[in-house]
């Protein structure tokens, strides 16, 4: 009998899992269920839609449900909310247009993703306090902010920074609140984050760092004030960007174990603790390629790969293994591209390494070639072993993404400072200085060895 | 007594060696000798000077001889031609302004670089047949081509293509002759090179591929015709770009062994076959990081690193090891950036691998983000082992250099197709598609595994 593979959640991980299961088992019955109207969706594009760089919200999805269903022979159910799992009988319960439909499964893949964290403070239920998560909600978001003149962004993570930029490009007054002393507090060290502060300030974002939001006030049920430890600020809208947490509600109904990060525990095959149930993407826990420790990283590229692994193993058993992540990420903040991989210096210390670091300024081209810009590279290594643990790059050129990918490639392979120095990277006057900035950083970090 | 380190040739390798020896041994007497007026020079910038992107030839050198001498406490001798070596007495003989000066050495580093190959054909000695090698000759070159209306470029290597672009930007008619069927014949496969042909043609370069130059004709000692197997072409100037060969003349006078590539044989410490004589940079042979086989690669980044190793070992004994090269390179051809690393498919076959390859087209941004351009990626792997052997990238965006560096980082670490697929590369809508083009290429190459 054809294997029945049911996948809940059609974001990056779920859509990848469905496509993969179909490809590796042409006989399987593959069903992909999502509570929203889109599939292969990801929140990454929403800030660009809000800012008007992307015109139509539909563009944010790669496939329409119909296309995906037809081209891949996948049973796609949108606007269908999976709300319970009968593990004993292997049946998924789904609400579709007011009726409950039962989906029997041989293998279930839970890819329910993450949801925005809401602050447990007074007034957080007020209207006009918005979150970004699902592309189909983006048009309403854009409409809401279009009418505002002052918008508070709460949280200085990737999404918070991207939204701040989008709002400034719409001419809004923007107040950015971050409770930690610097933006990107979990992914960048303070010295590098300061470069981002300068760019935000230069572009008119009013920074409120180290300032915790303790409540909201409103009139007629609509927010009009942000209250912090330090003061009160009159605003028209609030966009929350304080991070996401795994949406484990459905998974917990199946009794799967949660990990130490409160995301669904999975092994390298994306198997949960319950037989025949896999999890992948932002709902699942992963682990650091450097330390092996369990971490929670909600980013699209690993979600896609976890989906591939889950989808493949759903039909082929233990066919693929997911190796773990470095938390490689990049974002654009006005004219800066900021990118990072591996551990920050602080994380390295917290995790028991003896970190040393070097921060250099370099140019993106040969010194005589016009158009080069300054780029700042911080490299962190473990002193006793020489192993490079992390890199952060900030510069006004998208080649920054190339630097971080090169660093991620090396770090993922356990590279030392020596390996960085001797890596055979490309050079041409229009594309790089003859000593690549990563190599220069490794030289400085080698303390005179090179 | 202070160690006397004498370095011949102040290009990338020689200048690096001098700086390194000084840094690691503050007591050493370090002397750097060059036959031209510049130090830390490299030919890479000359095409940009000819095309007018760089205004002054002096800009092409990183340091002036005076600065370098002063800041590093190095005895710099420019316009000084080393012409013989007395190995027994450890003395270098140098012609300086008509007199011969003797430099006793404890350690000698030969970094005499490479020189352009001249074709052994009739008329090759005519005036108006020019080569690019030394920045101080660049102003004369620019003057010569400024007066020309039709220029032939002989050789479709990196320099040939860069010069063709420079000449077009000056409004010259340009005829490019390459005896092989495609440009970049030793570094790119034909399928990828064809994309470059299109760009050259679109920009008005007249391509003569698979057409061997068999001679030149002239009037009054100045070239006015290129003669090929197929015809005769009236030209005002000829620029030769048929490659370089190691300038081993001085090294041979010291009796050092040449390798199978006819460059100076060195081991991983950059030691030649003669005690206390090192060689580094374009004069020296190197070896492939993939196969271990001896190869000759004249590129600035490995030259710099070989110089570092030679300079360090000159004062500290066997302190550093050079690991070998992948031949990673990038260049700009009009609006295209073309980059490569490792083995081409043809080389892989010639060297006994069983290559499989995949060529994909991808975009440089998320599909909905404006400004993305198409990029073409070819990936070559060894079928039995899954090891990736080489990558070639052609696209109208300088992020191409970032792709090739990432590929080089992985290939240098022995990465397989699996490693490429699972590498944790960055993603943001403005910088990359969610499946990085290198990962997409690995997927296609995996033949359904991913």
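General remarks:
- Flag if residue B:48 is within 14 Å of another protein chain (Cβ to nearest Cβ) and either over 30 Å from residue A:428 (Cβ atoms) or outside any loop (DSSP other than H, G, I, E, B) (or both): yes
Okay, residues lined up against (1) part of a strand (DSSP E or B); (2) within 28 Å of residue B:21 (Cα to Cα); (3) out of contact with any strand residue (DSSP E or B) (no Cβ under 6 Å at 6 or more places or on another chain); (4) facing chain A (nearest Cβ under 8 Å):
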position	(1), (2), (3), (4)
B:315	no, yes, yes, no
B:318	no, yes, yes, no
B:347	no, no, yes, no
B:352	no, no, yes, no
B:367	no, no, yes, yes
B:370	no, no, yes, yes
B:378	yes, no, no, no
B:381	yes, no, no, no
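- Qualifying residue in the stretch A:22-37 (condition: closer than 19 Å to residue A:244 by Cβ, out of contact with any strand residue (DSSP E or B) (no Cβ under 6 Å at 6 or more places or on another chain) and either buried (at least 18 other Cβ atoms within 10 Å of the Cβ) or in contact (Cβ under 8 Å) with a residue 24 or more places away in the chain (or both)): yes
- Matching residues, the stretch A:324-345, being in contact with a strand residue (DSSP E or B) (Cβ under 9 Å, 6 or more places away or on another chain), within 12 Å of chain B (Cβ to nearest Cβ), in contact (Cβ under 8 Å) with a residue 60 or more places away in the chain and assigned to a loop (DSSP other than H, G, I, E, B): A:326, A:327, A:328, A:334
- Residues of the stretch B:383-399 that are closer than 16 Å to residue B:289 by Cβ and touching a helix residue (DSSP H, G or I) at 6+ places or on another chain (Cβ under 7 Å): B:388, B:389, B:390, B:391.
One line per residue, one yes/no per condition, for (1) within 30 Å of residue A:145 (Cβ to Cβ); (2) away from chain B (no Cβ under 11 Å):
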| position | (1), (2) |
| --- | --- |
| A:2 | no, yes |
| A:12 | yes, no |
| A:23 | no, no |
| A:28 | no, yes |
| A:42 | yes, no |
| A:57 | yes, no |
| A:76 | no, yes |
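- Number of the exception - residue A:224 against (1) touching a helix residue (DSSP H, G or I) at 6+ places or on another chain (Cβ under 9 Å); (2) over 26 Å from residue A:326 (Cα atoms): (1)
- The residues listed here are B:264, B:244; of these, the one that is crowded, with 19+ Cβ neighbours inside 10 Å, more than 14 Å from chain A (Cβ to nearest Cβ) and over 16 Å from the mean Cα position of the chain (by Cα) is B:264.
- Within the stretch A:201-223, the residues that satisfy the criterion of being over 10 Å from residue A:175 (Cβ atoms), touching a residue at least 40 places away in the same chain (Cβ under 8 Å) and touching a strand residue (DSSP E or B) at 6+ places or on another chain (Cβ under 8 Å) are A:209, A:213, A:214, A:215, A:216, A:217, A:218, A:221, A:222, A:223.
- Test: residue in the stretch B:163-180 that is surrounded by fewer than 21 Cβ atoms within 10 Å (Cβ to Cβ), more than 15 Å from residue B:205 (Cβ to Cβ) and modelled with pLDDT of 95 or more: yes
- Members of the stretch B:84-111 that are in contact with a helix residue (DSSP H, G or I) (Cβ under 7 Å, 6 or more places away or on another chain) and more than 22 Å from residue B:43 (Cβ to Cβ): B:84, B:85, B:107
- Wholly within the stretch A:383-450, helices (runs of 4 or more DSSP H) carrying at least 1 residues that are surrounded by fewer than 24 Cβ atoms within 10 Å (Cβ to Cβ) and more than 8 Å from every other protein chain (Cβ to nearest Cβ): A:417-422, A:437-445
- Filtered residues of the stretch B:275-296 (kept if more than 9 Å from every other protein chain (Cβ to nearest Cβ), surrounded by fewer than 24 Cβ atoms within 10 Å (Cβ to Cβ), assigned to a loop (DSSP other than H, G, I, E, B) and in contact with a strand residue (DSSP E or B) (Cβ under 8 Å, 6 or more places away or on another chain)): B:276, B:285, B:293, B:296
- Scanning the stretch A:1-21 for residues that are surrounded by fewer than 24 Cβ atoms within 10 Å (Cβ to Cβ) and either under 25 Å from residue B:369 (Cα atoms) or in contact with a strand residue (DSSP E or B) (Cβ under 7 Å, 6 or more places away or on another chain) (or both) yields A:2, A:3, A:4, A:19.
- Comparison of B:124, B:149 shows that the only residue that is more than 26 Å from residue B:40 (Cβ to Cβ), in contact (Cβ under 8 Å) with a residue 60 or more places away in the chain, surrounded by fewer than 17 Cβ atoms within 10 Å (Cβ to Cβ) and within 25 Å of the chain's Cα centre (by Cα) is B:124.
- For the stretch B:209-226, the criterion of being under 30 Å from residue B:374 (Cα atoms) and not in a loop (DSSP other than H, G, I, E, B) is satisfied by at least one residue.
- Hey, residue A:49 touching a helix residue (DSSP H, G or I) at 6+ places or on another chain (Cβ under 6 Å) and not assigned by TED's automatic domain parsing to the domain that holds residue A:308 or not: yes
- Of the residues making up the stretch B:171-196, those that are in contact (Cβ under 8 Å) with a residue 40 or more places away in the chain and in contact with a helix residue (DSSP H, G or I) (Cβ under 7 Å, 6 or more places away or on another chain) are B:184, B:189.
- Among (1) within 11 Å of chain B (Cβ to nearest Cβ); (2) outside any helix (DSSP H, G or I), the one test that residue A:37 misses: (1)
The values are calculated or read from the model by the stated rules, or taken from the named source; none is laboratory data. From a predicted model like this one, the values you see are computed outputs, not experimental measurements. In this analysis, Cβ positions are derived from the backbone assuming ideal geometry, glycine residues included, and neighbour counts consider all displayed protein chains.
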